[in-house]
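Report on the structure given below.
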Amino acid sequence: MLPMADRAVGSPRTESAIRVDAASKSFEKGVRAVDAVDLEVGAGEFFTLLGPSGCGKTTLLRLLAGLEQPDSGRITIGGQVMDGVPPHRRSVNTVFQSYALFPHRNVRRNIGFGLEMRGTDAGEIDARTRRMAELIGIDGLLDREVAQLSGGQRQRVALARALINEPDVLLLDEPLSALDADLRGRLQLELKRLQRRLGMTFVFVTHDQQEAMVMSDRMAVLDAGRIVQVGPPDAIYEAPAALFVARFMGHQNFVPIHGRDAAGVDTPLGRLEGAFGTGDHLLLRPETIRLGDEAQTVPNRFEATVEERLYRGETTEYRLACGGLRLLASRANRGQPEHQVGETIRVGVSPRGTATVSD
Ligand SMILES: Nc1ncnc2c1ncn2[C@@H]1O[C@H](COP(=O)(O)OP(=O)(O)OP(=O)(O)O)[C@@H](O)[C@H]1O
Ligand SMILES: [Mg+2]
């Protein structure tokens, strides 16, 4: 692959749709909203920025859109360096966290805005507006005024208004946050299908790790303006690069490692045999902990007391006490007998699928 500078400027197809080199942005002295971020998003990729509130997701997206200028560093879109390029000259569309609909246009004319600006034929605008509204589930609202919409409806209009333009690059800032779980789940699938079908590049912002995992090809986890880890969802979930990432991805079982040698590690649970990683905590994923008879199939076993049992249908969650620690185990329900609260049970841990993490 050629370095970006050697590529023809404005060439129609480049390896990466977006490239960010050492970009920083501060609003006040000392607080860096975006701190020396390097990033590369491939053409046609579904890329997610994931992190807690205030970590700099919106600011990074605004830098890409050209709504903020970096204090230092460089942003390249479609092979072109964006220094001084205003928002409307960038080949990106943005769905803002605050929706930002046109108040004096009804739903239909909000959605069709981009096509209208391009001088698309009225019949085609109408047909495409209807199709998009159907896909997003707002076809019954086309003649409503914006002021007459709920927050979730506004959010869907904003999404439809951006998608109808079929942009090469779409920046989406928490575009599903105002929707209930059911609708949100459906739109996650629709959005991903559409992105794939049209080969669009998405930079998608969310603070919801489940949403990030189901939607993304790759994701970047941010903390205080910095990217802590980039990778595909499974790699980040199964092998988080830091305790912060592990906690943010929802992990709860951190077992301190007191000592190690070539054959295993010493922990409050006891000695665990096997090749574990080099971090200072074991990350026991709830779904990899074996309970009762199933514990016999893995190399390391110890005893635990069931403190709580939560039946969730597909799975049962057990809160266990052992070695002075509390552990969460999750078992797929396939008709095995349930373990009761207060019962002492066998628990098994395998080095397979057990990562280690450090701060
Ligand atoms: N215009 C601004 N002026 C001053 N500080 C700002 C401005 N915009 C953002 N910040 C600060 O920069 C940091 C990053 O904010 P940003 O909006 O990028 O976070 P975020 O990750 O999008 O959060 P959320 O999930 O809550 O939307 C925060 O500390 C925020 O207070
Ligand atoms: Mg934000």
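Surface composition of segment 254-357: carbon and sulfur make up 47 percent of the accessible area, probe 1.4 Å.
Work out, step by step, the length gained on full extension between Val81 and His104: first 0.36 nm times the residue separation, then minus their alpha carbon distance; give nm to one decimal.
This chain segment gains 4.7 nm when fully extended.
Counting only the Cα atoms, segment 135-207 fills a convex hull of 92 Å³ per residue. Within segment 279-321, what residues put their amide N at less than 12 Å from the label point 7 Å along the Cα-to-Cβ vector of Val341? What the label zone holds, given the 12 Å backbone N cut-off, is 306-311, 319.
Subtracting the Cα-Cα distance of Arg197 and Asp261 from their residue separation scaled by 0.36 nm leaves 18.0 nm. For the residues Glu15, Glu174, Glu190, a 1.4 Å probe over the protein chains yields an accessible-area ranking, largest first, of Glu15, Glu190, Glu174.
Spin-label pair Ala22-Arg326: with each label point 7 Å from Cα along the Cα-Cβ axis, the two points sit 4.6 nm from one another. Our summary of shape: the Cα atoms of the chain have principal axis extents of 71, 48, 38 Å, ordered from largest down, in whole angstrom.
Once both axes come from the Cα atoms, what is the angle between helix 181-198 and the longest principal axis of the chain, in degrees from 0 to 90, rounded to 10? With both axes taken from Cα atoms, the answer is about 60 degrees.
Counting heavy atoms of the protein chains only and a 1.4 Å probe, report the per residue accessible area for the chain as a whole number of Å². Intermediate values should be presented prior to the final figure.
On the way: 17090 Å² over 359 residues.
Computed with neighbouring chains in place, this is 48 Å² per residue.
Using θ = phi - 60° in the Karplus curve 6.51 cos²θ - 1.76 cosθ + 1.60, the 3J(HN,Hα) couplings for segment 325-337 round to 10, 10, 10, 9, 10, 10, 10, 5, 7, 10, x, 6, x Hz; x is entered for Gly and Pro. Charge tally around Glu307: other residues with Cβ under 9 Å, Lys/Arg +1 each, Asp/Glu -1 each, net +2.
For Lys29 and Ala235, what is the calculated FRET efficiency with R₀ set at 35 Å and r taken between the beta-carbons, to the nearest 0.05? Walk me through the numbers before you get to the answer.
Details: r = 37 Å, r/R0 = 1.04.
That pair, Lys29 with Ala235, gives E of 0.45.
Distance between the pseudo-spin-label points of His88 and Glu134 (7 Å out from Cα toward the beta carbon): 3.3 nm. Extending 7 Å from the Cα toward the beta-carbon at both Arg334 and Asp208 defines two label points whose distance is 3.1 nm.
Computed from the Cβ-Cβ distance with R0 of 56 Å, the FRET efficiency linking Arg271 to Thr120 stands at 0.20.
Tally the DSSP beta bridges in the chain and give the antiparallel ones as a percent, rounded to 5. Within the chain, antiparallel bridges account for around 75 percent of the total.
What aspartates and glutamates sit close enough to Lys29 to cross-link, taking a C-alpha to C-alpha distance under 15 Å and skipping anything fewer than 8 places away on the same chain? Once the sequence-local aspartates and glutamates are set aside, what remains near Lys29 is Asp71. Listed by chain and number, the aspartates and glutamates whose alpha-carbon sits under 17 Å from that of Lys192, ignoring those within fewer than 8 places in the same chain, are Glu45, Glu134, Glu166, Asp168, Asp173, Glu174, Asp182, Asp208, Glu211, Asp217.
Take the Cβ atoms of Arg312 and Ser53, set R0 to 35 Å, and the FRET efficiency comes out at 0.80. Here the Kirkwood formula puts the hydrodynamic radius of segment 254-357 at 13.9 Å, using every distinct Cα pair. Taking 0.36 nm per residue of sequence separation and removing the Cα-Cα distance, the Gln69/Gln296 pair yields an extension gain of 75.8 nm.
The values are calculated or read from the model by the stated rules, or taken from the named source; none is laboratory data. All of these numbers come straight from a predicted model, not from anything done at the bench. In this analysis, Cβ positions are derived from the backbone assuming ideal geometry, glycine residues included, and neighbour counts consider all displayed protein chains. The protein model used for the area step is the full one, side chains on, heavy atoms only, and it has no ligands, DNA or RNA in it. Shrake-Rupley method; radii C 1.70, N 1.55, O 1.52, S 1.80 Å.
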